[in-house]
Amino acid sequence: MTESVTAVECVDLTYRFGEHRAVDGVSLAVRPGEVFGLLGPNGAGKTTAIRLIVTLLPVQQGAVRVFGVDVRRDPLRARRMLGYVPQQLSADPALTGLENVALFARLYDVPRRERRRRVAEVLDKVGLAPHAGRLAATYSGGMVRRLELAQALVNRPRLLVLDEPTIGLDPVARDEVWDHIGGLVATEGTTVLVTTHYMEEADQHCDRVALMHLGRLRATGTPGELRAAEGEGATLEDVFRRWAGTHLGAETGEDFRAIRSTRRAASGRG
Ligand SMILES: Nc1ncnc2c1ncn2[C@@H]1O[C@H](COP(=O)(O)OP(=O)(O)OP(=O)(O)O)[C@@H](O)[C@H]1O
Ligand SMILES: [Mg+2]
C-alpha cells in the first residue's frame with residue numbers, strides 16, 4: 001500500500017438512531033500523517049462518526065475506508081490498523097498502569113514474546129514509566145488520559161483516533177497530552193483523527209479541521225484558512241460560532257466547568 005492512500009475516507013456517511021440523523025451525509029478525507037480535528041458542540045455527531053470509523057457502529061449508509069480498507073467489508077483488517085481512545089474511561093482503576101496496557105496488548109494480539117517490551121515502550125513514550133507499578137486509581141486525570149493513549153498505541157497503529165482526549169483536564173495536562181500526540185506524529189508518522197470542543201487547541205495542534213453541527217460538516221480546512229475566510233483578526237471560535245450559533249469557549253473557568261458538567265450529564269446517557 002502506498003503512502004498516497006487516504007488514511008480515512010468517509011463518503012456520504014449517514015447514521016440514524018431511529019428517525020434521528022446523528023451523522024448526516026458526511027464526506028471527509030484525512031491524509032496520511034496529518035492531525036485532523038473534528039470539532040463540534042455537544043450532540044454534533046462527532047462520537048457517532050468516530051464510532052463508525054473505528055467499526056464500533058455498523059455503517060448504515062455511505063462508506064468508510066481506513067487506508068483503503070472498507071470498514072463494512074473488512075472490519076477486522078481496519079481494526080488492526082487503528083488505535084482508539086474513547087470519550088469514556090477505558091482504563092481500569094483497579095489495575096496498575098502496566099497491567100492496563102498489558103491487557104490491551106493481549107486484546108490486540110501483540111505477539112506474546114514482544115508484549116513485555118512493547119508495553120514498556122509505550123509507557124515510556126507517554127511519560128508513565130516511573131508510575132507503571134501504581135494503581136490507575138491513584139493517577140491524575142492527565143495521567144489516566146496518557147495511560148489510555150498508551151493502551152491505544154501498544155498496537156502500533158497507523159491511525160490513532162482520539163475522542164475528546166483533553167476534556168476535563170487542566171491546561172498543563174492538556175498540553176502534555178498534545179505534546180505526546182505531536183511527538184508521535186513526528187517520530188512515527190502516525191495519522192491522528194481527534195475530536196475536541198477546544199477551538200484554541202484545534203487551532204494550535206491540528207493541521208486541518210472540520211466543523212460539525214447537527215450531523216453535518218459545515219466547513220473544512222486548515223485553521224488558518226478558516227480564520228482568513230471569516231475575516232481579519234477572526235479566531236477559530238468566531239468561525240465556529242457562525243456555523244453552530246454556539247459559544248464554545250474554554251478560555252474561562254466558567255465555560256470549562258459548564259462543558260465538564262455537560263460531559264458528565266452526557267456520559268450518564270449510556
Ligand atoms: N445510543 C444513542 N441512541 C440514541 N441517540 C443517540 C445515541 N448516541 C447518540 N445519540 C444522539 O446522536 C446525536 C449525536 O451524538 P454524539 O454523541 O455523536 O455527539 P457528539 O458530537 O459526540 O457530542 P459530545 O460533544 O457531547 O460528545 C445526539 O443528538 C445524541 O443525542
Ligand atoms: Mg462525543
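The values are calculated or read from the model by the stated rules, or taken from the named source; none is laboratory data. Nothing here was measured: the structure is a model prediction, and the numbers come from that model. No Cβ is skipped: glycine too gets one built from the backbone with ideal geometry, and neighbour counts run over all protein chains shown. The area values use the complete protein model at the heavy-atom level, side chains included, leaving out ligands, DNA and RNA. Shrake-Rupley method; radii C 1.70, N 1.55, O 1.52, S 1.80 Å.
Is it the case that some residue within segment 104-112 is closer than 18 Å to Y84 by Cα, of a type in the set (G, A, S) and more than 18 Å from the chain's Cα centre (by Cα)?
yes
Residues checked against (1) over 23 Å from L82 (Cα atoms); (2) at pLDDT below 95:
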{"residue": "V177", "(1), (2)": "no, yes"}
{"residue": "E200", "(1), (2)": "yes, yes"}
{"residue": "A219", "(1), (2)": "yes, yes"}
{"residue": "T222", "(1), (2)": "yes, no"}
{"residue": "E237", "(1), (2)": "yes, yes"}
{"residue": "E251", "(1), (2)": "yes, yes"}
{"residue": "T262", "(1), (2)": "yes, yes"}
{"residue": "A266", "(1), (2)": "yes, yes"}
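Out of (1) open to solvent by 50 Å² or more (accessible area, probe 1.4 Å); (2) over 29 Å from T6 (Cα atoms), the odd one out for N100 is which?
(1)
Among the residues of segment 200-225, write down those that are open to solvent by 10 Å² or more (accessible area, probe 1.4 Å), outside any strand (DSSP E or B) and within 26 Å of R21 (Cα to Cα).
Listed by number, the list holds a single entry, L214.
Take R72 and decide whether it is under 21 Å from A210 (Cα atoms), open to solvent by 30 Å² or more (accessible area, probe 1.4 Å) and among the basic types (K, R).
no
I'd like to check something: does segment 45-59 contain any residue that is under 19 Å from the mean Cα position of the chain (by Cα) and under 23 Å from Y139 (Cα atoms)?
Scanning segment 45-59, I find no residue that is under 19 Å from the mean Cα position of the chain (by Cα) and under 23 Å from Y139 (Cα atoms), so the answer is no.
This table checks each residue for (1) modelled with pLDDT of 95 or more; (2) farther than 19 Å from A219 by Cα; (3) out of contact with any Cys (no Cβ under 7 Å at 6 or more places or on another chain).
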{"residue": "A22", "(1), (2), (3)": "yes, no, yes"}
{"residue": "V26", "(1), (2), (3)": "yes, no, no"}
{"residue": "A29", "(1), (2), (3)": "yes, no, yes"}
{"residue": "F36", "(1), (2), (3)": "yes, no, no"}
{"residue": "P41", "(1), (2), (3)": "no, no, yes"}
{"residue": "T47", "(1), (2), (3)": "yes, no, yes"}
{"residue": "L52", "(1), (2), (3)": "yes, yes, yes"}
{"residue": "A63", "(1), (2), (3)": "yes, yes, yes"}
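Taking the criterion of being open to solvent by less than 70 Å² (accessible area, probe 1.4 Å), among the aromatic types (F, W, Y) and either out of contact with any strand residue (DSSP E or B) (no Cβ under 6 Å at 6 or more places or on another chain) or within 13 Å of ligand 2 (Cβ to nearest atom) (or both), would at least one residue in segment 17-30 satisfy it? First the steps, then the outcome.
Step one: list which residues in segment 17-30 are open to solvent by less than 70 Å² (accessible area, probe 1.4 Å), which gives 18, 22-30.
With the extra rule that they be among the aromatic types (F, W, Y), the set shrinks to none.
Within segment 17-30, not a single residue is open to solvent by less than 70 Å² (accessible area, probe 1.4 Å), among the aromatic types (F, W, Y) and either out of contact with any strand residue (DSSP E or B) (no Cβ under 6 Å at 6 or more places or on another chain) or within 13 Å of ligand 2 (Cβ to nearest atom) (or both).
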